[in-house]
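What follows is one structure encoded as structure tokens, with my remarks underneath.
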Amino acid sequence: MEVIYFMMHAKSNNKILITGGYGYIGSHTIVALHTVGYEVIVVDNLSNSTKKIGKNLEIICKKTHKLYEINILNFDELLNCFIKEKPAAVIHFAGLKAVEESVKNPLLYYQNNIQGTINLLDIMGKVDCNNIIFSSSATVYGNPSEMPINEKHILNAINPYGSTKIFCEKIIDDWVKVNKKRSSTILRYFNPIGAHESYLIGDNPNSVPNNLMPYIVSVANGTSEKVSIFGDDYPTKDGTGIRDYIHVMDLAEAHVLAILNDQRGRSRVYNLGTGKGISVLELIKTFEIENKVKVKYTVSSRREGDAAEVYADVKLVKNQLNWSANRTLKEMCKSAWSFGKNL
């Protein structure tokens, strides 16, 4: 990370408040923030994480941070946290994120993700905290009409989870327009995988994994029987779906650059991916080769709504934030397994 840049541009208040900070991406972002000297305040209700993550973060960073065990739907508790801590900026990760669950229970997602974001912005306005980095997703694009996907692609989510991201993006944009002191950076993630090099933090959901890599790890360590590949008849090189997999630490470092390059009065949107597509089968095979383990899988029919290929156009974030994904697919697979073995 750009430590010298930070030291030149540091402000008297270097507190960053992270909602959902003990989650997969949030925890890795805490490491990236500590690396360049930020003080971190964590707000997390621990619905999909544990306090052990906080202990492991202190081992990695050799620094402490404050944890407020708060649900962002609790307006009064969240307001008191902001009044006490007076953060300079917010990175907003907190939210429900399982696509299948959102289809089954859409109101839960609309209430939690949208109302939670509204609470957060309302409170930020009350305490004059004017910079927010928002955790969005490539799901906002739905079934893309062209590849690679750039930030101007039409937003057409095909599930309630993706819809909540679109709504939150718009709400944040409108919030910024009200006050020229405000700014926002929307980061649309593609497919983060891997783990920190310490292997003390990684993707370890409390419930059944919703993403591919945790499932691969659970099969490799014997927790699950086999990985399901949904469709092998797509018009791709091996018939399986193609996605843009990015190392979680590359993703985390983009959040720091977004803060360091804050531009007041502006709402910015960036894709975060590698710009390269990797098939499901290629990911599994790379995992097997690099880690010398066998991953059983079975092929079933396509899932409704799944696109043949989805990968990012990343020129904008490269040009404006000087960010690009540097870690390789091999590193992603090795780190994910090293973390998985520690479980």
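What is the one condition in (1) surrounded by fewer than 23 Cβ atoms within 10 Å (Cβ to Cβ); (2) under 23 Å from G37 (Cα atoms) that H255 does not satisfy?
The failed condition is (1).
For a quick check of your reading of the model, give me the residue pairs whose first member lies in segment 154-176 and is under 23 Å from I123 (Cα atoms), whose second is among the aromatic types (F, W, Y) and part of a helix (DSSP H, G or I), with beta-carbon atoms closer than 9 Å and at least 6 apart or on different chains.
T164/Y109; T164/Y110; F167/Y110
crowded, with 19+ Cβ neighbours inside 10 Å and farther than 19 Å from T29 by Cα: which single residue out of F287, F339 fits that description?
Result: F287 is the single residue among F287, F339 that is crowded, with 19+ Cβ neighbours inside 10 Å and farther than 19 Å from T29 by Cα.
Looking at segment 100-116, I want the residues that are within 19 Å of F75 (Cα to Cα) and open to solvent by less than 70 Å² (accessible area, probe 1.4 Å) and have a partner that is charged (D, E, K, R) and in a helix (DSSP H, G or I) with Cβ atoms under 8 Å, at least 6 apart or on another chain. Which pairs are those?
What qualifies is L108/E101; Y109/E101; N113/K165.
Consider V227 carefully, then state whether it is farther than 16 Å from A307 by Cα and aliphatic (A, V, I, L, M).
Against the criterion (farther than 16 Å from A307 by Cα and aliphatic (A, V, I, L, M)), V227 qualifies.
Give the number of residues within segment 143-170 that are open to solvent by less than 40 Å² (accessible area, probe 1.4 Å), part of a loop (DSSP other than H, G, I, E, B) and closer than 24 Å to L107 by Cβ.
2
Would you please name the residue that is most open to solvent (accessible area, probe 1.4 Å), looking only at residues in segment 36-85 that are more than 25 Å from V127 (Cβ to Cβ) and free of Cβ contacts under 8 Å to residues at least 60 places away in the same chain?
For segment 36-85, the residue satisfying everything is K62.
Taking segment 187-227 only, how many residues are in a loop (DSSP other than H, G, I, E, B) and of a type in the set (F, W, Y)?
The number of residues fulfilling the criteria is 2.
For Q263, which of the numbered conditions (1) surrounded by fewer than 18 Cβ atoms within 10 Å (Cβ to Cβ); (2) outside any loop (DSSP other than H, G, I, E, B) fails to hold?
(2)
Test G305 against the criterion of being on the phi > 0 side of the Ramachandran plot, touching a Pro at 6+ places or on another chain (Cβ under 9 Å), in contact (Cβ under 8 Å) with a residue 12 or more places away in the chain and surrounded by fewer than 23 Cβ atoms within 10 Å (Cβ to Cβ), and give yes or no.
When the stated conditions are applied, G305 does not pass them.
Taking the condition of being part of a loop (DSSP other than H, G, I, E, B), of a type outside the set (S, T, N, Q) and over 17 Å from the mean Cα position of the chain (by Cα), how many residues in segment 76-126 meet it?
Residues that pass the stated criteria total 3.
Taking segment 308-321 only, how many residues are more than 15 Å from Y141 (Cα to Cα), surrounded by 12 or more Cβ atoms within 10 Å (Cβ to Cβ) and of a type outside the set (V, I, T)?
Matching residues across segment 308-321 total 5.
Go through segment 228-252 and give me each residue that's open to solvent by less than 40 Å² (accessible area, probe 1.4 Å), more than 21 Å from F339 (Cβ to Cβ) and either free of Cβ contacts under 8 Å to residues at least 60 places away in the same chain or outside any loop (DSSP other than H, G, I, E, B) (or both).
I229, G239, T240, I242
If V219 passes every condition in (1) out of contact with any Ser or Thr (no Cβ under 8 Å at 6 or more places or on another chain); (2) free of Cβ contacts under 8 Å to residues at least 24 places away in the same chain but one, which one does it miss?
(2)
Look at segment 322-336 and say how many of its residues are open to solvent by 20 Å² or more (accessible area, probe 1.4 Å) and either part of a helix (DSSP H, G or I) or modelled with pLDDT under 95 (or both).
Adding up the residues that qualify gives 4.
The values are calculated or read from the model by the stated rules, or taken from the named source; none is laboratory data. As the structure is a prediction and not an experimental result, all values here were calculated from the model. Heads up, the Cβs are rebuilt from the backbone with ideal geometry, glycines too, and the neighbour counts pull from every protein chain shown. Heavy atoms of the whole protein, side chains included, go into the accessibility calculation; ligands, DNA and RNA do not. Shrake-Rupley method; radii C 1.70, N 1.55, O 1.52, S 1.80 Å.
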